[in-house]
Amino acid sequence: MNSSLPISAALPGASDAPAEADNSFHIAFCVDDHYCRSMGATIASIIANSPGVVFTFHVFAFSLSADNRKRFKELEQMYQLKTHVHIIDPAVFQPFAHISQFSYYSPTIFTRLLIPSTLRGMCDKVLYLDADILCVGSLAELRQMDFGDSAAIVVPDADETTRRRCAALQLSSQKYFNSGVMYMHVDNWMAQEITEKTILAILENGKDYRFPDQDALNVVLEGKIKYIDRKWNFLYDLIHDLEKDKRQMRDIGEVVFIHFAGAVKPWNDWCLHASRDLFVKYQALSPWADLALDPAPRNYKEMRMYSRFLMKRGQLLDSFKWYMKYLATR
């Protein structure tokens, strides 16, 4: 694999981030406008559970509405912290444009790979988080962790996913991580050319990857990462509960990050699950507090799931109505 192609040390697009370092805890998200509301709840949950910690939050996006920019900026006044928006110029991927496979992939799958190069000089470590996560514990322990020579600190994926992906990717370590939580060491990441190697892995082998960016990261980072306990990325599948008409949160023990990685999210009011209450609790502490939960399924896949959930609840007529909507929409 040729890893000599460079990624620009800083994004050529617009950014409000000054090139100055500080001692705050830096956390980054890669979102579009649809996920800004959920990101706001994630941020509020982090702040609420780590009193006394000074945070700096970063948003990476190809575009962001004026309204969401304004709300994100309001976090600074609400919680006395710093925020930075990084608008990505697609030209950053120009060095890879000559590779024929590049046009097959949306540039969004490469977005989080740009975090280390963009924030180099601002921080030595940065925590990347998916925006479907809620924090319910302190980050103090994470901040004190020693990276050694590792490019990142990561969390194992579910056992079955790990088994399947290790076999498919031929990972000799027999370890596989979920990339929704990655604590990146900026200098180690850059020195080991993780971004360039991962992009090339996607472009050269992506047809063999079920999860192109996550699989590529696991291949490139094998032997270059430190694994920590699953409490730092507890994967909570709401469908597991709703298929059995269980509407309360399961006992998951002492965790820090609850990752709602499945197709149903806690901001779906129609899921009728107690995770909604947890989401609303933290959304209310964010600048997005005025936004209502999603009242009804919005696409045919959600309609089909909702019909199934209603069937489990014994609401046969409503289940039939939503199944008819699903058939009419698909």
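Available extension along the chain between residue 251 and residue 80 is 58.2 nm, counting 0.36 nm per residue and deducting the alpha carbon span. With a Förster radius of 30 Å applied to the C-beta separation of residue 269 and residue 97, the computed FRET efficiency comes to 0.10.
Qualifying GluC sites (Glu not before Pro) in the range 238-330, where qualification requires a DSSP coil assignment and no more than 14 other C-beta atoms within 10 Å, comprise 243, 254.
Converting phi to 3J(HN,Hα) with the Karplus coefficients 6.51, -1.76 and 1.60 and the offset θ = phi - 60°, the range 253-261 yields x, 7, 10, 10, 10, 9, 9, 8, 7 Hz in sequence order, with x at every glycine or proline. Each label point was placed 7 Å from the Cα along the Cα-to-Cβ direction; for residue 168 and residue 294 their separation is 2.3 nm. Per residue, the chain exposes an accessible area of 45 Å² to a 1.4 Å probe, with every protein chain left in place.
Of all lysines in the structure, the ones whose alpha carbon falls short of 28 Å from that of residue 73, not counting any fewer than 8 places away in one chain, are 82, 125, 265, 281. Take the alpha-carbon centre of the range 23-54, take the same for the range 235-298, and report the distance between them in whole Å. Distance between centres, Cα-based: 17 Å.
On a per residue basis, the convex hull of the C-alpha atoms belonging to the chain measures out at 145 Å³. Applying the criteria of a DSSP loop state and at most 16 other Cβ atoms within 10 Å to the chymotrypsin sites (Phe, Trp or Tyr not before Pro) of the range 43-96 yields 62.
Note that the range 24-37 has calculated 3J(HN,Hα) couplings of 6, 8, 8, 10, 10, 10, 10, 9, 10, 4, 5, 9, 5, 4 Hz, one per residue in order, obtained from phi through the Karplus relation 6.51 cos²θ - 1.76 cosθ + 1.60 (θ = phi - 60°); glycine and proline are x. GNM on the chain, alpha-carbon springs under 10 angstrom: the most fluctuating residue among 266, 116, 295 is 295. Bridging of residue 175 to lysines at a Cα separation below 21 Å is possible for 197, 224, 226, 231, once same-chain residues fewer than 8 apart are set aside.
Each Cα pair under 8 Å and six or more residues apart adds its separation to the average, and for the range 24-89 the resulting relative contact order is 39 percent.
Would you work out what percent of the accessible area of the range 235-322, with all protein chains in place, is carbon or sulfur (probe 1.4 Å)? In the range 235-322, the share of accessible area belonging to carbon and sulfur is 54 percent.
May I ask you to give the percent of accessible area on the range 153-192 that is carbon plus sulfur, with a probe radius of 1.4 Å? Mind dumping the intermediate values first?
Details: 760 of 1700 Å².
C and S fraction of accessible area: 45 percent.
With distances taken between every two different alpha-carbon atoms, the range 167-253 has a Kirkwood hydrodynamic radius of 15.1 Å. Of the trypsin sites (Lys or Arg not before Pro) found in the range 182-269, those that fall in a DSSP loop while having at most 16 other beta-carbon atoms within 10 Å are 210, 224, 244, 246, 247, 250.
Would you mind classifying the range 83-222 by shape? Square roots of the alpha carbon gyration tensor eigenvalues, ordered a ≥ b ≥ c; an a/c under 1.5 is rounded, otherwise it is prolate if a/b is larger than b/c and oblate if not. Judged from the Cα gyration tensor, the range 83-222 comes out oblate (a/c at least 1.5, b/c at or above a/b). Working note: Karplus 6.51/-1.76/1.60 with θ = phi - 60° gives the range 195-212 the couplings 4, 4, 5, 6, 4, 5, 4, 5, 5, 8, 10, x, 5, 9, 9, 6, 10, x Hz, where Gly and Pro are set to x.
Under the classification rounded if a/c is under 1.5, otherwise prolate if a/b is larger than b/c and oblate if not, where does the range 33-138 fall, given a ≥ b ≥ c as square roots of the Cα gyration tensor eigenvalues? Prolate.
The values are calculated or read from the model by the stated rules, or taken from the named source; none is laboratory data. Everything numeric here is computed off the predicted structure, so don't read it as measured data. We place every Cβ from the backbone using ideal geometry, glycine too, and count neighbours over all the protein chains shown. When the accessible area is computed, the model is the full protein with side chains, heavy atoms only, and any ligands, DNA or RNA have been set aside. Shrake-Rupley method; radii C 1.70, N 1.55, O 1.52, S 1.80 Å.
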